[in-house]
1. Identify all residues within the range A:100-119 that are closer than 24 Å to B:Trp85 by Cβ and either loosely packed, with under 13 Cβ neighbours inside 10 Å or touching a Pro at 6+ places or on another chain (Cβ under 8 Å) (or both); write none if there are none.
2. Among (1) surrounded by 13 or more Cβ atoms within 10 Å (Cβ to Cβ); (2) over 19 Å from B:Gly142 (Cα atoms); (3) within 14 Å of another protein chain (Cβ to nearest Cβ); (4) not hydrophobic (A, V, I, L, M, F, W, C), there is one condition A:Gly97 misses while meeting the rest; what is its number?
3. Report yes if A:Val147 is β-branched (Val, Ile, Thr), buried (at least 18 other Cβ atoms within 10 Å of the Cβ), farther than 16 Å from B:Leu27 by Cα and under 14 Å from the mean Cα position of the chain (by Cα), otherwise no.
4. When the residues of the range B:46-94 are narrowed to those that are crowded, with 17+ Cβ neighbours inside 10 Å and among the polar types (S, T, N, Q), which ends up farthest from B:Glu24 (Cα to Cα)?
5. Can you tell me how many residues in the range B:17-45 are without any contact (Cβ under 8 Å) to a residue 24 or more places away in the chain and either aromatic (Phe, Trp, Tyr) or surrounded by fewer than 18 Cβ atoms within 10 Å (Cβ to Cβ) (or both)?
6. Of these, B:Phe75, B:Phe49, which one is under 26 Å from A:Arg120 (Cα atoms) and of a type in the set (Phe, Trp, Tyr)?
7. State all residues of the range B:59-79 that are over 18 Å from B:Ser104 (Cα atoms) and touching a helix residue (DSSP H, G or I) at 6+ places or on another chain (Cβ under 7 Å); if no residue qualifies, say none.
There are 2 protein chains.
Amino acid sequence: MKALKVERLKINYKTLEEFQQFHEVGLPELSMLEDLKMNMVENDSHSPFYGIYQDGQLAARISLYRVDAKYDRYFLPPQDYYEIWKLEVLEPFRHQGMGTALVSYAKSLGLPVKTNARHRSDPFWEKMGFVPVQYNPERDRGESPYVWLPKGVSLQE
Amino acid sequence: MKALKVERLKINYKTLEEFQQFHEVGLPELSMLEDLKMNMVENDSHSPFYGIYQDGQLAARISLYRVDAKYDRYFLPPQDYYEIWKLEVLEPFRHQGMGTALVSYAKSLGLPVKTNARHRSDPFWEKMGFVPVQYNPERDRGESPYVWLPKGVSLQE
């Protein structure tokens with residue numbers, strides 16, 4: 001398996017065009033497009049997305065939002081953490097370790113990571129060292145949160 | 001098209017067994033199963049799920065969480081609202097109006113409704129009278145929120 005390079009994606013028309021190939025496209029991407037058109041962000045400014053290119057084509061992506069410690073309802077001590085959204089590998093590029101590479105990148109940033117394990121993806125998250133939390137309906141409202149804990153970090157409650 | 005009856009689902013082993021047919025199954029359902037096994041909830045207690053049965057079989061479901069006004073970052077004036085999760089119609093029952101019936105039920109409860117429009121489902125939500133919000137990365141973190149506003153309710157900001 002060749003080494004997979006994870007890159008921070010830049011907001012430009014090419015990136016937003018490539019995003020259209022992904023299943024999970026919605027307001028965040030539309031909002032970036034509008035910001036670009038209205039000159040509210042510069043071309044090539046940083047996005048919350050990271051991705052892997054193959055032959056110049058975006059093959060996989062992940063969005064990583066840094067959540068402020070004051071909103072932390074998961075970790076002890078409460079701290080900034082990353083929330084993973086929109087992890088997706090395009091069909092022709094699956095089963096080549098791209099999902100693993102993107103999640104490993106998130107874990108390498110030194111903060112706890114939270115995600116919502118959807119579509120029965122629990123085995124993948126467990127393989128990546130994530131653990132399910134004790135489900136709290138008020139906090140988790142229908143999500144299936146899985147978290148990755150760096151050394152010295154534990155769960156609230 | 002025959003009338004579709006929306007029922008509040010009861011937490012029991014039959015319901016949780018039927019949930020296994022749905023794509024979006026995770027911690028919330030597992031948590032209900034554990035609560036039932038540990039006698040932490042009574043058999044047939046109410047769940048946040050509503051569904052439609054066909055010939056005694058669960059054909060479609062929706063979860064409706066009532067979010068407390070103190071967490072409301074969407075509506076003006078701030079108020080309790082319903083958040084829709086896990087709207088899903090099983091494959092053999094699609095295109096019979098079940099999604100519409102479930103969402104209409106949510107709207108009939110008299111509070112604003114919020115959902116996350118996933119899988120390019122925007123046209124469905126727009127048909128149901130929902131509107132996209134102005135995307136706010138801090139608040140919406142990668143979601144594509146669509147909301148339905150009852151009379152006299154507007155959006156924050």
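Read the figures in this text as sums done on the coordinates, not as results from a lab. Nothing here was measured: the structure is a model prediction, and the numbers come from that model. Reconstructed Cβ throughout: ideal geometry from the backbone, glycine too, with neighbour counts over all protein chains shown.
1. Scanning the range A:100-119 gives A:Pro112, A:Lys114, A:Thr115, A:Asn116, A:Ala117, A:His119.
2. (3)
3. Values: β-branched (Val, Ile, Thr): yes; buried (at least 18 other Cβ atoms within 10 Å of the Cβ): yes; farther than 16 Å from B:Leu27 by Cα: no; under 14 Å from the mean Cα position of the chain (by Cα): yes.
Considered against the rule, which asks whether it is β-branched (Val, Ile, Thr), buried (at least 18 other Cβ atoms within 10 Å of the Cβ), farther than 16 Å from B:Leu27 by Cα and under 14 Å from the mean Cα position of the chain (by Cα), A:Val147 comes out as no.
4. B:Ser47
5. Total satisfying the criteria: 10.
6. None of the other options fit; the residue is B:Phe49.
7. Within the range B:59-79, B:Arg73, B:Pro78, B:Gln79 meet the criteria.
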